[in-house]
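Presented below is the structure to which this report refers.
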Amino acid sequence: MNKSIAIDGPSGAGKSSVAVEAARRLGGHYLDTGAMYRAMGLYMLEQGANLEDTAQMDALSENANVDVKYDADGNQLTFLNGEDVTDRLRTPEVSMAASAVSKGAAVRQKLVRRQKELANEMFLVCDGRDIGTCVITDAALKVYLNATPEERARRRFNEMEDKSMGFEAVLKDINLRDYNDTHRAISPLRKAEDAVEIDTTHLSLEQVVGEVMRLYLERVQ
Ligand code: DC
């Protein structure tokens, strides 16, 4: 059994906030696998790839090396071909490119291989869409975080500095991403059979982290 924790779920369910805090309390490393797909998406934008051509992106990914390192405070830094691109991954363009690139079999194989290596090297609290089903299939604890689309859109909207896009557009984006993530042919987002589902719609961050800690300690003790 791998001691790590696998956290999956749709966009905006609170995965990263929960994973960061659980990693801090348990002395592990937080691995944000979405950032790796984002770095791959950034590479495709830089190469001028056609985001609708999955085969082309799979071929281009041969020359893209995505890796992560941790700074002295334990924060993840994401590298693309040796360059630290951490601060360039949170734009709407990169989000779209990450979603497109994540459909590719070669892209997924390459990133999953690295994620598995990291899970063997260190204790991770790892979040994504396929962690419990493909990456750390023998994780000590698998959690599937969920919340209603409206609540997830509300959280995203509240976090936005520039709200000119409007709530309805954010909700539409969440619904589109849910559709793409769950209908992808390879490794679609789904709850692993042995994952514990937590509906975070009416829960605070502290309540969700508390529940994850309780479940984890129950399993490893
Ligand atoms: O979690 P995020 O929004 O940063 O993820 C960016 C994209 O990458 C998202 O469209 C889903 C995809 N992704 C994936 O397919 N598998 C993962 N393990 C993590 C993210």
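As a calculated quantity, the FRET efficiency between E117 and Q221 at R0 = 25 Å, using C-beta atoms, amounts to about 0.35. Overall form of segment 137-221: oblate. Here a/c, set by the Cα gyration tensor axes a ≥ b ≥ c, is 1.5 or more, and a/b is not larger than b/c. Using a cut-off of 24 Å between Cα atoms, the listed pairs K116/K191; K110/K191; K142/K163; K116/K172; K110/K142; K110/K172 include K142/K163; K116/K172; K110/K172 as exceeding that distance.
Each peptide in 78-88, 119-129 was scored by the mean count of other Cβ atoms within 10 Å over its residues; highest first, the order is 119-129, 78-88.
Helix-only arithmetic for the chain: the sum of -39500 (n - 2.57) across DSSP H runs with n ≥ 4, divided by the residue total, places the mean residue ellipticity at 222 nm at -15000 deg cm²/dmol.
Taking every pair of Cα atoms in segment 1-124, average 1/r, invert it to obtain the Kirkwood radius, and report Rg/Rh to two decimals. Across segment 1-124, the Cα-based Rg/Rh ratio is 0.96.
Put simply, the C-alpha atoms of the chain give a gyration tensor, and the ellipsoid matching it has half-axes of 26, 22, 16 Å, longest first. Of all complete DSSP H helices in the chain, those with a Cα span along the helix axis of 18 Å or greater and a mean Kyte-Doolittle hydropathy of -0.5 or more are 33-47, 205-220.
Projected label points at A106 and D199, each 7 Å from Cα along the beta carbon direction, are separated by 4.3 nanometres.
If R0 equals 30 Å, the separation of the Cβ atoms of E62 and R90 corresponds to a calculated FRET efficiency of about 0.70.
None of the figures in this text is laboratory data; all of them are computed from the coordinates on show. All figures in this text were calculated on a predicted structure; none of them were measured in a lab. Because the Cβ atoms are built from the backbone with ideal geometry, glycine has one as well, and the counts that use them run over all protein chains shown.
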